[in-house]
Structures are given as structure tokens and as C-alpha cells.
Amino acid sequence: MAVKLGNGQWAVKENNLLAYNDNSGQFFNKEFDFTRGSSATYVGKDGLIKTAGLQDTNLVQNGDFSQLGSELVTNGDFSNGNTGWNLGTNFSVADGKLKSINTANAALTLQSAFVFTIGKRYKLTFDISDYVEGSVRIWFGGFNAGNFNSNGTFSVIGVANRVDEILIQSIGSNNTYSIDNVSVKQLDPNDEWSLGSGWSYGDGVVSCDGSDGVNLNQNGVIENGKTYKISFEVLNYVGGFLNGRIGSANSNDFTVNSNGSYSFNVLSDGTNLIFRSSSFNGSVSNISVQEIQVNTPRIDFSDSADGALLLEPQSTNLIQYSEDFSDSYWNKGSNTTVINNYAISPQGKQNATRIQMPDTSGTFLDIYLSSLQGNTLTVSFYAKNNGGTTNINTFLLGNNSQTISLTDKWVRYDFTGIADSNLRVGIDNINGGGDVDFLLYGFQLEQQSFSTSYIPTQGSSSTRIAETCNNSGSAQDFNSEEGVFYVEIAALADSLNYRFISISDGTNNNRIYLNYSNASNQIQASILVGGVQSYGVTHNLSSIIAYNKIALKWKLNDFSLYVNGVEVSTNNSNITFPANTLNKINFSNELANLFDFEGKVKSVEVFTTALSDEELQKLTTI
């Protein structure tokens, strides 16, 4: 056996290409040319929806705003007595603490050997213990951190307005307390972020006070023309809109206006990451930007523990907001309640929406679309019961509907039909059926006869480009004179289109191919030698959508086709190729870029010897 792909041992290598291995399990650098040109999703081994080619590296520095500079306080734990401190009246150091015993109002202990930078933000932390009476006020870099009059650990962030001093000051009379573990460190010490007026650092967040048209920037972190996934959290939301821009300062790539975790895929048109406030009042944290290598093959685990190479046609999600059902794009009945970011979605993030529809009128979630009359459409979405009645209606064709039964697990539902002039897409309760309470994620509408992998949208329709996978191998990887071409494949749909997997010399003259035909549930196998068909067979399957194991054997006067453990064709008077003729595998016809394969591929193997009937039966048995 010279070439083997899949069978639980897929390898997606660097540079976006798909490697293969031989029977030793070693992966080779003779890779496929894989192209797609857009981001795409797949289901990972853990059952969660993932983005193909998503790099692990977070290109944003200090995205959680936890980065602190070096310690500025000398002997902040008072382990070296009063070293570094000028003690005021009735202050002393004992047991590793600064002690105030009945200090008078305005009594000071200070440390002056500081070099604060005016305008920079600093984080002060300290402990108070042994509190009896009075208050303590702490100043650092001229910033008043406030008064404290209880035991505890405290943290304050402020802006320096002078270059020196930390002051510990008693307020009132008979001030009795102890202070320990005094620390002052600069926030974002490497100046990773540029904060416009109205933006400020908090404890692990960055916040805007509602100022309009002001930016939070990190520059030079991305490249023009590449696709990125940006993720972040919004907290403490009060009002306004937070706009995001990947690259250019001229257009918004996304807009949010509520608390929650967000992710967006964006094609960059510059080098900067920009958050811009439109009267935004709230906080942001956990910002990450990861490159998406858009031409990375997808090994999908939706229906196989071993995974399958997923090759899909171009498709567009016509739904403009596939996850944000609170947006005005979606029509909502007067008694329909939508709660964003309520639960963990099939993506593994808290971005699933809760939909509540009581058993009354005004309970629907829908949109109306035009200019689609007469087209075949497929709607799909993920849903899960959240304690209400299990039956809901889904709309696709005008006022026609179908009833689905929800479960306590995420299920992807899909329906296909032909659009009429009154295209209504959405979900409704069933009058008299009880209160509806369910979770919803990933709504998709495609102009074709079957659903494809999820295409997220965030304000406009989005297109996943078709994939091709071709040009792997060389003459030394094949035995042109004899061998077996084996595949385990499943079609995406019985679409009546030719779809090929082939071995050839790059011409029409010498080729071996296995393909779906233009007839329902039908496959074909053919061998052409010197432009003349040496062997050909057509076979009907019970279903091309199910996985089928197919093996085509060639050897001088010994040809056969096995399907799912059964020999369905044989011929004993055929010729084979001259030595060193075959030199590549394509997931298309022999010339590539025609009749590209669309489907799921668990395994492709090329054996360099013609296997016995017993071996072929065993190889192809389901």
C-alpha cells in the first residue's frame, strides 16, 4: 500500500495542506493542494462547532488587562522593619505590619522614592487588620484612593498626577489599625493599548464612560488581507453601542449593545484592532484575535468517531443574524421573550439564546424574505428544550409549518422546500400546546436542497466558498500495473451530480475513477488506458448519503468492483497501464477542477498489489 488517507489517522499539516500516510503510519510531505478561500466550520472530536484553521496564538497582548508592571513599593510587607518608610507620630512596625495606635487626624507615614508617570494608571493593593477605630486614607502619585475603615483586602486603580510619594494617612482621632502587603504596580506597563478619552482601566477590564466617538486601539497586531476571529466579553453594560474594526478605522465590522461573550470572523483591511464607542457605557475584557487559515481542510466528527474529510460546495447563509435573535432584524411577537447569551451553545460558549413563548397569542420569532419565490431552500438551526413543552412549529414556506419535538440535548433540525411568494422563516408555539421555553443557536437558510455546515452571520449574509483537494502523489506512490483503489465515502445529498475521486497521469487518456453519477443513488467505476476504456461498471446503492465502502481492483485480466463486502462486477479480459504511468490523486476528475468531489471521506487507500477476493471482501465489509 503506497497511499492512505483517513481511517482515523487524518493529518492536517502546516501551510493549509492535507498530508497522507503509508502503511507504516508515517506522514509524508507530498501534500494535496487544498483551496477554499473562506472560513468554514466543522464539528470537532468533542462534539463542539469549531472554525477550521483557527490558530492557537492570541495576537492581542494583554487582552485580559491583567498585565502589571514591576513592584514600586519598597518593603511593602514590612518584613524589614520600617526600611524605606518615614513613620509618623504613633506609627510603628511590628510583627510584619505597619501599626497605627491612637494616631491623630492627618498623621502620615510616607515613602517618597517613587517615579510615577503622570497620566498613567496604577493598581494599589493592601490589607487592613486589627481595625478598632478611625479611618485610613492612602494616596499614590497624588491620587486619593479613598478612606477605609474595616478589615479586609482592598484594591484601587487610579491615575498618577505627580511623580512621587505614597502616603498612608489617618483620618479622625484615635485611629487604631494595622496595614500590610502594600503594593503599587502600573497597569499595561508596556503600553500595549491606546486609550482614547473616556476609556479607562479597571481590575481585569477596560471601561468606557459613555463618551461618543472615542477609540480603544492596539496597533500593528494583524496583517492586511487575512481572516481573523476576534473574541471578547462585554460586562457591566449600561448603554450605547460598542463597534469593532479589524484593520481600518473607516467601517464597522461588528456592533454589540449588551453583556455577553462575542465572536466574529473578519477579513482584515489593515493592521490595527479598534474598538470605537458610540456612547458605549460598559466594560470589555478577554479580547483575543486569532488568524484563521481559510484554506485549511476540515476533518469533521459529526457522524464518525474517526472523523471524515468534509468537502462541501459553495453556500450562503441568507439569514443576516444567525445568533443574535434580539436584533430588530427578527420579528418577535408581543409575548415572546428573547434572552441573549443565556446558556452554553453547540460552540461551547455561553452564546445560546433562550426563547420563551407562553401558550397565548403574540408568540413567534420570524422574518419575511422576498425575491426567492420558486427556489429550493433549506432551513436549519440548533435547538434544545429548556423546560417548556417539547413541540414547536418551524416555518419555511409561507404559512406552511412543520412540528418538531425538542429534546434535552442540542439537535440540529433541517427542512427543505420550494419558496412561495410569502416566504416566512422562523419559529412559533402551538396554540393550546403549552408554554414554550427552549434554547436556540445557529439559524441558517440556504438556497439548495440540503443543509451544509454552519455559516455564522453577524449583520449580513455570509458565503462559504467551495473546496477543492487535488494533486497529491507521484509515480513512485502507485503501481500502475496492478493495485486496488479503495474509498469509504458518503454524499452530502442525492443531488444527481457527477462527483469524482480519481487517480491519473493528469490527462484524459490514463485514469482510474470512482464517482457518483447523475442518476439517483448510483456510483460508477471506470479505468481508461491509452484513451480506451478497459473496465467500466455502474452500480446502484441503497443510499449514497450513507457511508459506503468501495474497492476497485485492477490487474492484467483481473478486474473487479467490491461494494460493502460484495463483489458486484468482475472482468477477466482487460489490460492495465504501462509501468510508472499513474502519478496523482484528485478529489475531482482526472484533470482536476471539474466535477469536484462533494461529500464526507472517511478513508482513501491505494494498494500497490491486487488484493485477493477474501481481502477485498474483508476490506469493504460494513
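For first residues located in the range 1-12 and on the phi > 0 side of the Ramachandran plot and at pLDDT 70 or above, partners that are of a type in the set (Gly, Ala, Ser) and not in a loop (DSSP other than H, G, I, E, B) and lie 6+ apart or on another chain with Cβ distances below 6 Å form the pairs 6/603; 7/603. Where strands (runs of 3 or more DSSP E) fall entirely within the range 164-218, those with at least 2 residues that are surrounded by 16 or more Cβ atoms within 10 Å (Cβ to Cβ), out of contact with any Gly (no Cβ under 6 Å at 6 or more places or on another chain) and among the aromatic types (Phe, Trp, Tyr) are at 199-201.
In the range 450-471, which residue that is closer than 24 Å to residue 308 by Cα and of a type in the set (Gly, Ala, Ser) is surrounded by the fewest Cβ atoms within 10 Å (Cβ to Cβ)? Give the derivation first.
At the first step, the residues of the range 450-471 found to be closer than 24 Å to residue 308 by Cα are 450-456, 463-471.
Filter once more, so that each one left must be of a type in the set (Gly, Ala, Ser): 451, 453, 466.
Values: 451: 21, 453: 20, 466: 16.
So, considering only residues that are closer than 24 Å to residue 308 by Cα and of a type in the set (Gly, Ala, Ser), the one surrounded by the fewest Cβ atoms within 10 Å (Cβ to Cβ) is 466.
Contact map, the range 256-275: residues that are under 17 Å from residue 60 (Cβ atoms) and without any contact (Cβ under 8 Å) to a residue 60 or more places away in the chain paired with residues that are basic (Lys, Arg) and buried (at least 21 other Cβ atoms within 10 Å of the Cβ), Cβ distance under 9 Å, separation 6+ or inter-chain. Pairs shown: 266/245; 270/245; 272/245; 274/245.
Would you call residue 403 exposed (fewer than 15 other Cβ atoms within 10 Å of the Cβ) and of a type in the set (Val, Ile, Thr)? Outline the logic, then answer.
Numbers: exposed (fewer than 15 other Cβ atoms within 10 Å of the Cβ): yes; of a type in the set (Val, Ile, Thr): yes.
Yes, satisfied.
Any residue at all in the range 318-334 that's within 14 Å of residue 454 (Cα to Cα), part of a strand (DSSP E or B) and touching a strand residue (DSSP E or B) at 6+ places or on another chain (Cβ under 6 Å)? Scanning the range 318-334, I find no residue that is within 14 Å of residue 454 (Cα to Cα), part of a strand (DSSP E or B) and touching a strand residue (DSSP E or B) at 6+ places or on another chain (Cβ under 6 Å), so the answer is no.
Evaluated against (1) part of a loop (DSSP other than H, G, I, E, B); (2) among the hydroxyl-bearing types (Ser, Thr, Tyr); (3) crowded, with 18+ Cβ neighbours inside 10 Å; (4) at pLDDT 95 or above, residue 296 falls short on exactly one condition, (4). Looking across the range 52-90 at every residue that is part of a strand (DSSP E or B) and touching a residue at least 60 places away in the same chain (Cβ under 8 Å), the one that is nearest to residue 110 (Cα to Cα) is identified as 68. If you go through the range 506-540 and keep only what is touching a residue at least 40 places away in the same chain (Cβ under 8 Å), within 14 Å of residue 569 (Cβ to Cβ) and under 37 Å from the mean Cα position of the chain (by Cα), you end up with just 523. Among the residues examined, residue 488 qualifies as in the same structural domain as residue 553 (by TED's automatic domain parsing), at pLDDT 95 or above and crowded, with 19+ Cβ neighbours inside 10 Å.
The values are calculated or read from the model by the stated rules, or taken from the named source; none is laboratory data. These figures come from a predicted structure and were not determined experimentally. Positions of Cβ are generated from backbone atoms using ideal geometry, with glycine treated the same way; all protein chains shown enter the neighbour counts.
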